[in-house]
Amino acid sequence: MAPSAIQSLDALEQRFREDAVEAPVQDLERMEWVGTCLSIAGVPLLIGEGELEEIIETPNVMAIPGTKPWVQGVGSHMGGLIPIISGDVFFRKRPYSGRVRDYCMVLRRPGFYFGITLSGLERDMKFLVETRDMTVTTDPDFAEYTMGGFPDQDRVLAVLDIDKLIADSDLSNAAANDPDSPEERTND
């Protein structure tokens, strides 16, 4: 006697239960913060992905008379000229000595297009978003320009907030105001 359609379906279902494997459990995707670790004036900082246009070799610069001491001058970049800012002088308020700052990061925002010298480059990094500590204290010269940070082995890396940097009134006005002030005389 031939099996009925119902019996065939029952046998097929039984064989499926015996041979079937459980569907894999998919881990919920965790959001990651992605960016680049670099150093300005010897301080390692994180820059979020998409925040900087690129990292270039620091171009030769032509000094611009009548600017603040942290303006190194203008350098050639992609067929045009961009201001190059000394990260050491802008953040530390004093020139550095030692190794030449071979690289700079180029930032572009509406109304702003410039480079800031770097003291070091590390690598691209990823962190789980929930590990960001918004109470991180960083180097006092950078504190007003950072927003939280991430633990990385034995250190905590602060996140440089480019929007806070751009909003700085000193950065937006590079003209030297008082030629007799000690800050302005360092450009001589």
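The values are calculated or read from the model by the stated rules, or taken from the named source; none is laboratory data. For clarity, every value in this text was computed on a predicted model and none was experimentally measured. Neighbour counts are summed over all protein chains in view; Cβ atoms, including those assigned to glycine, are modelled from backbone coordinates with ideal geometry.
List of remarks:
- Leading residue by the ranking (surrounded by the most Cβ atoms within 10 Å (Cβ to Cβ)) among those in region 97-108 that are in a loop (DSSP other than H, G, I, E, B) and either in contact with a strand residue (DSSP E or B) (Cβ under 8 Å, 6 or more places away or on another chain) or of a type in the set (A, V, I, L, M, F, W, C) (or both): ARG101
- The residues listed here are VAL136, VAL129, VAL89; of these, the one that is at pLDDT 90 or above and crowded, with 16+ Cβ neighbours inside 10 Å is VAL89.
- Set GLY115, GLY120: member being in contact with a Leu (Cβ under 7 Å, 6 or more places away or on another chain), among the small types (Gly, Ala, Ser) and in contact (Cβ under 8 Å) with a residue 40 or more places away in the chain: GLY120
- Criterion (β-branched (Val, Ile, Thr), surrounded by 11 or more Cβ atoms within 10 Å (Cβ to Cβ) and closer than 15 Å to LEU107 by Cβ) met by exactly one of THR117, THR146: THR117
- Residue count for region 114-151 under the criterion of being farther than 18 Å from GLU51 by Cβ and of a type in the set (D, E, K, R): the result is 4.
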